[in-house]
Amino acid sequence: MSLQPVNSTSISVPKPISYKLFTIQRNNISKLFSIYVTPTLLSHLISTEVVMFELANHLGDSDEAERWALVGLIHDTDWDACGKDPSIHCGNQTRELLLQNQIPTEIIDDAFSHYGFVIVDGQKVGFEESGTRIEANTLLRKTLFAADELTGFINACALVRPSKSIQDLEAKSVIKKLKDKSFAAQVNRELIKTCEKTLNIPLNEFVELVLTAMKKYHQHIEFNRN
């Protein structure tokens, strides 16, 4: 199966961060997303972009914050276009598409590591069979590995609220729903919890950090909500 366009007409892609080092790449990705990414997935990708940008600054890698943001933005580029097929997700077709849009190989590898694995207490945690087999072995990759599922989960928490917004969502509510395995059951809580071992950040603190970052850019994340 090849990657398929999912939008009959192009959609506008928010730009919450002003890029200086990767301006061309960010513009290219915006054009790509307008064809291959639905508004729902786009909200998740923007969420992960801004969270990675803010966490880079929080974790002391400010000089590389744009790189962190771009990695977060592109990590699930093909999820809609591949029909949510795990055997194709982050595969060679997507890699070639990103390379054609001037995304460096090392940034693609960083992004694809979210569909790989991380070592926790000497054991592999992640996607063994269908994944990329790329290890999340740097601070950037470990952060993405834990944050990816959490940004999606926080958006799910917001969407069941009357406001459908993250603005009035509290971290304690997110923590409570994380304990409810029936809510957003597809979200892998174990990947989120890797933050405690790989980043030395307690889960409650990590949720607060990610939620705060998302609230800061809420108007860009919630562009398609009424």
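The values are calculated or read from the model by the stated rules, or taken from the named source; none is laboratory data. Since we're looking at a predicted model, the values are computed, not measured. Cβ placement follows ideal geometry from the backbone for every residue including glycine, while neighbour counts extend to all protein chains displayed.
Is it fair to say ILE192 is surrounded by 14 or more Cβ atoms within 10 Å (Cβ to Cβ), at pLDDT 95 or above and assigned to a loop (DSSP other than H, G, I, E, B)? In short, no. For THR48, the requirement of being of a type in the set (Ser, Thr, Tyr), within 20 Å of ALA146 (Cα to Cα) and assigned to a loop (DSSP other than H, G, I, E, B) is not met.
Taking the condition at pLDDT 95 or above, surrounded by fewer than 19 Cβ atoms within 10 Å (Cβ to Cβ) and in a strand (DSSP E or B), does ILE119 pass? Spelling it out, ILE119 is indeed at pLDDT 95 or above, surrounded by fewer than 19 Cβ atoms within 10 Å (Cβ to Cβ) and in a strand (DSSP E or B).
The residues on offer are LEU178, LEU199, and the sole one that is modelled with pLDDT of 95 or more, in contact with a Lys or Arg (Cβ under 7 Å, 6 or more places away or on another chain), farther than 21 Å from HIS44 by Cα and surrounded by 15 or more Cβ atoms within 10 Å (Cβ to Cβ) is LEU199. Filtered by the rule that a residue be in a helix (DSSP H, G or I), touching a Ser or Thr at 6+ places or on another chain (Cβ under 8 Å) and surrounded by 24 or more Cβ atoms within 10 Å (Cβ to Cβ), the range 52-79 gives MET52, LEU55, TRP68, GLY72, LEU73. All conditions but one from (1) assigned to a loop (DSSP other than H, G, I, E, B); (2) among the polar types (S, T, N, Q); (3) touching a His at 6+ places or on another chain (Cβ under 7 Å) apply to ASN137; the one that does not is (3). Suppose we filter the range 80-90 for residues that are surrounded by fewer than 19 Cβ atoms within 10 Å (Cβ to Cβ) and of a type outside the set (D, E, K, R); how many remain? Counting residues in the range 80-90 that are surrounded by fewer than 19 Cβ atoms within 10 Å (Cβ to Cβ) and of a type outside the set (D, E, K, R) gives 3.
The set of residues from the range 102-116 being assigned to a loop (DSSP other than H, G, I, E, B) and surrounded by fewer than 17 Cβ atoms within 10 Å (Cβ to Cβ) comprises GLN102, PRO104.
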